[in-house]
Amino acid sequence: MSGVRAVPEKRRPEQGAAGPTPAGFVLGLDVGSSVIRCHVYDHATLIRGSSAQKVESLYPQAGWVEIDPDALWLQFVTVIKESVRVAGIEMNQIVGLGISTQRATFITWNKKTGNHFHNFISWQDLRAVELVKSWNNSLIMKLLQNSCRVLHFFTRNKRFLAVSLFNFTNQHVSLRLAWILQNLVEVQKAVEEDNCCFGTLDTWLLHKLTKGSEFATDFSNASATGLFDPYKMHWSGLLASLLSIPLSILPPVKDTSHNFGSVDEEIFGVPIPIVAMVADQQSAMFGECCFHAGDVKLTMGTGTFLDINTGNNLQHTIRGFYPLIGWKIGQEVVCLAESNAGDTGTIIKWAQELDLFTDAAETEKMAKSLEDSEGVCFVPSFSGLQAPLNDPCACASFMGLKPSTNKYHLVRAILESIAFRNKQLYELMQKEIHIPVTKVRADGGVCKNNFVMQMTSDLINANIERPVNIDMSCLGAASLAGLAIGFWTDKEELKKLRQSEVVFEPQKKWQEYEMSMENWVKAVKRSMNWYNKM
């Protein structure tokens, strides 16, 4: 395909060229919204063994999304054992473990017994929609924002600017946790008795792996909760106090690449050092070697996440890019600005379950077999619309259907919607983050689709690199773990080991898509506020 440039394979560093290769292997795990995956990496970052299991989401009520923690724990242990078995190695050859996790999915548990009070509440869960609305429209928030606007005017302190722009979202832990504290009597009682622990997935897995001896999170995961002050680098006493969330239930925050303790020997037969915990998008950013300001990562997995490295500067925007800690390693703190679209892989999976195709790989050929979608538009909004529209009440929909519409038109419209959302996010980033883009790298399961990749490249008018290994969250976690124990020397060594498979180069001017995108934007607007209570 013109517009796709294959990248020549790099030679891997030879053993002995710069001293002996470190012995052993590093495990990289990614606990995502759809899949738990584990890879065994050697020193050349080649995958020696891997295993994956599908994560089952539970939908106990409309808008609620949960995960069974007991089932998840069994899967987590199984994928580690299976990947080591496939690699043909022994557990005692694993020198370090790095864990990447979906962010803002959380649980609370009994400090004394370790028993959880409820299922994991997923980042996709919408039970706190009304709470989010009422807080964002509250007098307290208006006073806080306006006060900070005035303080920023006089002091030019960026922290006041960030608070003046701050709004709660459904994807933050903060108000979903507040909902749990308000509605579950068992949790309220445990808090009163100082017997409650809160944790995102990383914290709970650390608790389970160490049989309760360790309680911690890292800066990347903490910064994605909506309860963390990235300017002060600690939990926000102000937000916790506003929402009546006791700071005592929150875990200590540690470096991303850090010795978090060892896996209890009973679990795998040997103690394995846990030396990295990282949020999945930040992990993918690290795995892509997006180490410099202006480097951009586009992850298309369950959702789409667009991140730009902002160096050591936190950037908060009006319409939907929010600041995150990318990673902290010793004195180095790297910041990101991120925005996202909630539904990407989920819509591919949904379409497959409707029998529009049998295998996701077919969708590329189906889309390319048509000149266009014949005016059919799809709005990808099972979990609302995020930036720049920020409407949790939008509905997913097909529009422009005709008697001549067939499943090929529907599939093409679905793929086009992913590319159009990518364009929206990229355009917003260029308007609101004033850092020149240096490179764009893609990962996640949907990036295997050449139609989506090429259309995105055309729409944003930029080259997009796709790596050989698209499971970047696993690689990022393993890379951070390896750096912690000297398995890899530094980030320069990781950059030399990274490999791109292809580079997608713009083929068409984005204006050629302008009419299609205008129709799609019209469809999006008509899908908004669908679930608002009248």
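Just to verify a result, which residue in the stretch 345-371, among those that are under 20 Å from TYR513 (Cα atoms) and among the polar types (S, T, N, Q), is least open to solvent (accessible area, probe 1.4 Å)?
Only one residue fits best here, namely THR363.
Which of the residues that make up the stretch 135-147 are of a type in the set (A, V, I, L, M, F, W, C) and either touching an Asp or Glu at 6+ places or on another chain (Cβ under 9 Å) or loosely packed, with under 13 Cβ neighbours inside 10 Å (or both)? Give the derivation first.
To start, the set of residues in the stretch 135-147 that are of a type in the set (A, V, I, L, M, F, W, C) comprises 135, 139-141, 143-144.
Correct list: LEU139, ILE140, LEU143.
Matching residues to (1) free of Cβ contacts under 8 Å to residues at least 40 places away in the same chain; (2) open to solvent by 10 Å² or more (accessible area, probe 1.4 Å):
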{"position": "SER257", "(1), (2)": "no, yes"}
{"position": "PRO271", "(1), (2)": "yes, yes"}
{"position": "SER283", "(1), (2)": "no, no"}
{"position": "GLY287", "(1), (2)": "no, no"}
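Return the pairs, sorted by first residue and then second, in which the second residue is in a loop (DSSP other than H, G, I, E, B) and modelled with pLDDT under 95, the first residue lies in the stretch 482-508 and is closer than 19 Å to MET455 by Cβ and of a type in the set (S, T, N, Q), the beta carbons are less than 7 Å apart, and the residues are 6+ apart or on different chains.
Listed pairs, sorted by first residue: GLN507/SER2; GLN507/GLY3.
Which members of the stretch 95-123 meet the condition of being more than 18 Å from VAL185 (Cα to Cα), open to solvent by 10 Å² or more (accessible area, probe 1.4 Å) and not in a loop (DSSP other than H, G, I, E, B)?
So the first thing to find is which residues in the stretch 95-123 are more than 18 Å from VAL185 (Cα to Cα), and the list is 95-105, 122-123.
If we keep only those that are open to solvent by 10 Å² or more (accessible area, probe 1.4 Å) as well, we get 95, 103, 123.
Matches in the stretch 95-123: VAL95 only.
For the subset of the stretch 187-215 comprising residues that are closer than 20 Å to SER122 by Cα and charged (D, E, K, R), which member is surrounded by the fewest Cβ atoms within 10 Å (Cβ to Cβ)?
Taking the stretch 187-215 and keeping what is closer than 20 Å to SER122 by Cα, we get 187, 196-208.
Next, from what is left, pick out any that are charged (D, E, K, R): 202, 208.
Working: ASP202: 29, LYS208: 20.
Ranking the candidates gives LYS208 first.
Out of the residues in the stretch 293-333 that are touching a Gly at 6+ places or on another chain (Cβ under 6 Å) and surrounded by 24 or more Cβ atoms within 10 Å (Cβ to Cβ), which is farthest from ALA396 (Cα to Cα)?
Ranking the candidates gives THR299 first.
If you check every pair at least six apart or on different chains, which have Cβ atoms under 8 Å apart with a residue in the stretch 145-169 that is without any contact (Cβ under 8 Å) to a residue 12 or more places away in the chain first and a residue that is among the hydroxyl-bearing types (Ser, Thr, Tyr) and surrounded by fewer than 16 Cβ atoms within 10 Å (Cβ to Cβ) second?
Final answer for the pair search is none.
If you scan the stretch 187-208, which residues turn out to be closer than 24 Å to GLN171 by Cα, touching a residue at least 40 places away in the same chain (Cβ under 8 Å) and assigned to a helix (DSSP H, G or I)?
Applying the first criterion (closer than 24 Å to GLN171 by Cα) to the stretch 187-208 yields 187-188, 191, 196-207.
Checking which are touching a residue at least 40 places away in the same chain (Cβ under 8 Å) leaves us with 187, 191, 196-207.
Selection gives VAL187, VAL191, LEU201, ASP202, THR203, TRP204, LEU205, LEU206, HIS207.
Within the stretch 209-313, considering only helices (runs of 4 or more DSSP H) that don't extend past its boundaries, which have at least 3 residues that are of a type outside the set (A, V, I, L, M), farther than 16 Å from ILE325 by Cβ and at pLDDT 95 or above? Lay out the reasoning, then the answer.
Working: elements: 219-222, 237-242, 265-268, 280-287.
Because the criterion is at least 3 residues that are of a type outside the set (A, V, I, L, M), farther than 16 Å from ILE325 by Cβ and at pLDDT 95 or above, the helices (runs of 4 or more DSSP H) in the stretch 209-313 that meet it are 265-268.
Could you count how many residues in the stretch 36-59 are in a strand (DSSP E or B) and either touching a Phe, Trp or Tyr at 6+ places or on another chain (Cβ under 9 Å) or within 20 Å of GLU288 (Cα to Cα) (or both)? Please lay out each step first, then the result.
Keep residues of the stretch 36-59 that are in a strand (DSSP E or B), which gives 36-41, 47-54, 58.
So of that shortlist, the ones also either touching a Phe, Trp or Tyr at 6+ places or on another chain (Cβ under 9 Å) or within 20 Å of GLU288 (Cα to Cα) (or both) come out as 36-41, 47-50, 53, 58.
Here the count works out to 12.
Confirm whether GLU512 is at pLDDT below 95 and of a type in the set (Asp, Glu).
On the way: at pLDDT below 95: yes; of a type in the set (Asp, Glu): yes.
It is true that GLU512 is at pLDDT below 95 and of a type in the set (Asp, Glu).
Can you name the helices (runs of 4 or more DSSP H) wholly within the stretch 421-502 that have at least 2 residues being of a type in the set (A, V, I, L, M, F, W, C), open to solvent by less than 30 Å² (accessible area, probe 1.4 Å) and over 26 Å from MET277 (Cβ atoms)?
Values: elements: 450-460, 472-484, 491-497.
The helices (runs of 4 or more DSSP H) meeting that bar are 450-460.
Just checking, how many residues over the stretch 395-420 are more than 19 Å from ASP458 (Cα to Cα), open to solvent by less than 40 Å² (accessible area, probe 1.4 Å) and in a helix (DSSP H, G or I)?
Total meeting the criteria: 3.
Can you spot a residue in the stretch 62-76 that is in a strand (DSSP E or B), modelled with pLDDT of 95 or more, β-branched (Val, Ile, Thr) and open to solvent by less than 20 Å² (accessible area, probe 1.4 Å)?
Yes, there is a match, as at least one residue in the stretch 62-76 is in a strand (DSSP E or B), modelled with pLDDT of 95 or more, β-branched (Val, Ile, Thr) and open to solvent by less than 20 Å² (accessible area, probe 1.4 Å).
Being surrounded by 17 or more Cβ atoms within 10 Å (Cβ to Cβ) and assigned to a loop (DSSP other than H, G, I, E, B) is the filter here; which residues of the stretch 506-516 pass it?
PRO506
Please indicate, with yes or no, whether at least one residue in the stretch 517-527 is closer than 19 Å to ILE414 by Cβ, aromatic (Phe, Trp, Tyr) and open to solvent by less than 20 Å² (accessible area, probe 1.4 Å).
Yes, the conditions are met somewhere in the stretch 517-527.
Hey, among VAL132, VAL150, VAL79, which residue is more than 22 Å from VAL263 (Cβ to Cβ), open to solvent by less than 60 Å² (accessible area, probe 1.4 Å) and either modelled with pLDDT under 95 or under 24 Å from the mean Cα position of the chain (by Cα) (or both)? Don't jump to the end; show me each part of the working.
Working: VAL150 fails: open to solvent by less than 60 Å² (accessible area, probe 1.4 Å); VAL79 fails: more than 22 Å from VAL263 (Cβ to Cβ).
The unique qualifying residue is VAL132.
Just to check your reading of the model, which residue among LYS133, LYS111 is of a type in the set (Lys, Arg), more than 30 Å from LEU475 (Cβ to Cβ), touching a residue at least 60 places away in the same chain (Cβ under 8 Å) and out of contact with any Pro (no Cβ under 8 Å at 6 or more places or on another chain)? So that I can check it myself, show each step before the final result.
Details: LYS133 fails: touching a residue at least 60 places away in the same chain (Cβ under 8 Å).
Exactly one residue qualifies, and that residue is LYS111.
The values are calculated or read from the model by the stated rules, or taken from the named source; none is laboratory data. Please read all numbers here as calculations on a predicted model, not as lab measurements. Every residue, glycine among them, receives a Cβ derived from its backbone with ideal geometry; neighbour counts consider all protein chains shown. These accessible areas exclude ligands, DNA and RNA; they are computed on the full protein's heavy atoms, side chains included. Shrake-Rupley method; radii C 1.70, N 1.55, O 1.52, S 1.80 Å.
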